[in-house]
Amino acid sequence: MLAIGVEAMSMLSNPTFLFYQFMNSISLGMNLFIIATGLTLILGVLRVINFAHGAFFMFGAYVCWSTVTFLGGAVGSFWLGVVAAAVVLGAMAFVIERGLLRYLYGREHLTQLLFTFAIVLIVGDVAKMIWGTDQYNVPYPHGLGGAVDFGFAKYPSYPLLLCVIGLVVAVGMWLALSKTRWGRIIRAATQDREMLAALGMNVPLVYTGVFVIGSALAGIGGALAAPRVAVSPGMDATIIIECFIIVIIGGLGSLWGSFLGALALGFVTMFGTVIFPDWELVLAYILMLGLLLWRPWGLFGHEEEEPH
Amino acid sequence: MQTGYKTTFWISCAIVLLLLLVPTLGSKYLIDLTTEILIYALFALSLNVLIGYSGNISFGHAAYFAIGGYSCAILLTTYELPLIISMPAAIILSGLAAAFVGYFCVKLTDIYFAMLTLAFGMLVWAVAFKWRAVTGGDDGFVGVNVPAFIDNRYGFFYFTLFVVTVSAALLWLICHSAFGRTLVAVRENRVRAGFVGVNTTRLRHTAFVVAGTFAGIAGSLFAMYNRGVYVESAFWTESGQVLIMALLGGLYSFFGPALGAAVLYTLQVGINQYTEYWPVVLGIILLIILMFLPDGIIGLAQKLRSQFSRKA
C-alpha cells in the first residue's frame, strides 16, 4: 500500500503526467456530461429517472460500430455513425414514449421507474441478440489518430476533440434553453406543467420532444465513447451509475450542475486511478456522500417541495 | 379486522403445514425449488416493509442480501465460526450496513431516494467485485463451510422453512404493530404524519434498517444453500428483480410479495430451460404488470372477487 503511495507521488510530481491526467479528466468528464445532460433533461421535465439511459448509451456505441464496420471504415464513417446513433436512439425513444410511457405519467413514480427498468432489460437483451457478447473496438476517426503538440507536452487529438465537443454541447444547450422559445417552454415545463397546459401549450409534445432529445444525447454519448472504450455488453450498467452520481452531485434537472458534476467525476476517476488503483469508484461515492451531507439536493438543485 | 387476522393466521399455518410435507413427495427438484422460493419470498417480504409499508422505492435492496450472504459465508468459512455465531453476526452486519446507508438515504425522498439507494447498492457490488482477497472478486466466494446438520437437502429445507417462517411472523408483527401503522400513515401523507408529531425521518430510517436486516437473513440462507456467494447477488438488476417480485404479488398486501416471488422464480426456472433471454421475458412481464395489473396478483384477485360478489 505504501509502495503504491510512493509510486503515485512520484507520478504526480511529473508535470507532463500531471498535464496528461488533467486533460484525461476533462475529456472523460465532457463525455460523461453529454450522456448525463440527457438524463437530467428528462428528469427535470418528465420527472422520470430513466434507468434505460445507460442501455441507450450502449446501443448508441453499437450503432456507431456497425456504421463504421458497414462502411468499411471510410473517411467520415465515424461521424456518420454518431449521427446514426442519434437518429436510431431518437426514433426508439419516440416509439417508447408515444407507445407506452405516455400512459404512465399520471401513475406513481414507482411505476414509471419500473417501466424504464423493463426497457433496460429488453433493450439490453435486444442488443445481445443483434451484436452478441463479443467486444468491439472502434478506431479513432480519420485524421484524429495523432496528437496535438502543446509545446511542453503532446496530447492525443481525439480526447482533445471530446473536450471541445462537450463544451460546445454545454454552451449550445444553455443557449437553446435560455434564449429560444422552445427552451423557454421546456424550462416552463420543469416549473409547472399544469400552468403550461392551461396556457394552451401542447405539453405532451414537449414531453415527447424532451424524451427524444435526451435519449439521442445518450446515443451520441455512446457513439463518441466508442473509440475510447471496448464496446461490449455490460457497459450500460456502469454508465448509468456514473450518470446518477453526476445528477445527484449537480442537482436534479440542472444543466450546469451536471456539467460540474461530470467534471468532478472525471477528475476523481482519473486521479483516483493513480492514487488508489481499483478504488476510484469508491472515491466517487465519498465525493457524493460529502456533498449530500452538505446539500442533499445537489450543487444547483433546489430543496424538494413537499407533497400536500 | 380481528376475524381477518384470524383467517390470515390459519391460512398461514395451513401453508406452513403443506410446506412441511413437500419432502415427502420425494422429488429432489421440488425440494430445491421450494427452498429457493422460500429464500426469495423472505427477500421480497423484507423489501415490502420499505416499499409497501413506507412508500420508499429502494433500488439497492440486493446490497443487504449480498452483505448478509458474504458475511455469513466469510464468518463460517474464513474464520471457521459456528453457525450460531456466524448467522446472527451476518444479520447484525446487514442491519448495521442498512443503518449507515439509510442515514443518508432517508434525508431524501421519492426519486432521489431511489437513485441514492441504487448508487449505494452498486457501491456494495463494486467493493465485492474489487476486494478479491476477502470476497473472491468476480470468481465469487466458493466452498462455504456449512454445518453438518444442514449439509443435506432435507436438513437445509427444514432449516430454511423454520428461519423463513419465524422471520415472516416477525415481519408480520412489525408491520401490524403501531410502528407499521404509522409507516402507512407516513406513506400516505408524509407532511400530515409530521404535523401530528411523527418523526418521519427516523421512522423511515427504522423501516430501512428492518428491511435490510431481514434481507440479510435471506442472503445468509442463500449463501449456505449455494455453498457460495457471487458478486451478481449485489448487482442492481437483482434489486430490480426482487422489486418486480414484490410488485407482481402486490405491494399493498403483506403476503403479496411472497406470492410474487414464488410465481416469478418458478417462471424464471421454467423459461431458462428454453431460452437464455430471460431478461427480455422479465421485461415483458414487467410491462404487462405495469400496464394492466397495477396492484399485482392479489389486487387482481380482490378485484375479481368484488366483481363476482356484486353480480351475485
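What follows is calculated from the coordinates using simple rules that are stated; it is not laboratory data. If you're wondering where the values come from, they're calculated on a predicted model, not measured in any experiment. With ideal geometry, Cβ positions are generated from the backbone for all residues, glycine too; neighbour counts draw on all protein chains shown.
Quick look at the values:
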{"read-out": "Number of the condition not met by A:Asp278 [criteria: (1) within 11 Å of another protein chain (Cβ to nearest Cβ); (2) part of a helix (DSSP H, G or I)]", "value": "(2)"}
{"read-out": "Candidate set from region A:30-65 (those that are among the small types (Gly, Ala, Ser) and over 11 Å from A:Ala223 (Cβ atoms)); member that is nearest to the chain's Cα centre (by Cα)", "value": "A:Ala36"}
{"read-out": "Pick from region A:206-255, criterion within 14 Å of chain B (Cβ to nearest Cβ) and part of a loop (DSSP other than H, G, I, E, B), ranking: nearest to A:Gly301 (Cα to Cα)", "value": "A:Gly251"}
{"read-out": "Some residue of region A:238-249 being among the charged types (D, E, K, R), closer than 30 Å to A:Arg295 by Cα and without any contact (Cβ under 8 Å) to a residue 12 or more places away in the chain", "value": "no"}
{"read-out": "Odd one out for A:Leu104 among (1) within 14 Å of chain B (Cβ to nearest Cβ); (2) in contact (Cβ under 8 Å) with a residue 12 or more places away in the chain", "value": "(2)"}
{"read-out": "Residue in region B:70-91 that is within 14 Å of chain A (Cβ to nearest Cβ) and either without any contact (Cβ under 8 Å) to a residue 12 or more places away in the chain or over 20 Å from the mean Cα position of the chain (by Cα) (or both) present", "value": "no"}
{"read-out": "Residue in region B:142-153 that is within 14 Å of chain A (Cβ to nearest Cβ), in a helix (DSSP H, G or I) and in contact (Cβ under 8 Å) with a residue 24 or more places away in the chain present", "value": "no"}
{"read-out": "Pick from region A:281-302, criterion part of a loop (DSSP other than H, G, I, E, B) and hydrophobic (A, V, I, L, M, F, W, C), ranking: nearest to A:Gly253 (Cα to Cα)", "value": "A:Phe300"}
{"read-out": "Odd one out for B:Phe129 among (1) more than 14 Å from chain A (Cβ to nearest Cβ); (2) under 27 Å from A:Phe244 (Cα atoms); (3) surrounded by fewer than 20 Cβ atoms within 10 Å (Cβ to Cβ)", "value": "(1)"}
{"read-out": "Hits in region A:68-85 (condition: under 25 Å from the mean Cα position of the chain (by Cα) and either farther than 14 Å from A:Leu144 by Cα or surrounded by fewer than 13 Cβ atoms within 10 Å (Cβ to Cβ) (or both))", "value": "A:Val68, A:Thr69, A:Gly76, A:Leu80, A:Gly81, A:Val82, A:Val83, A:Ala84, A:Ala85"}
{"read-out": "Members of region B:101-120 found to be of a type in the set (Gly, Ala, Ser) and either closer than 11 Å to A:Ile248 by Cβ or facing chain A (nearest Cβ under 7 Å) (or both), listed by number", "value": "B:Ala114, B:Ala119"}
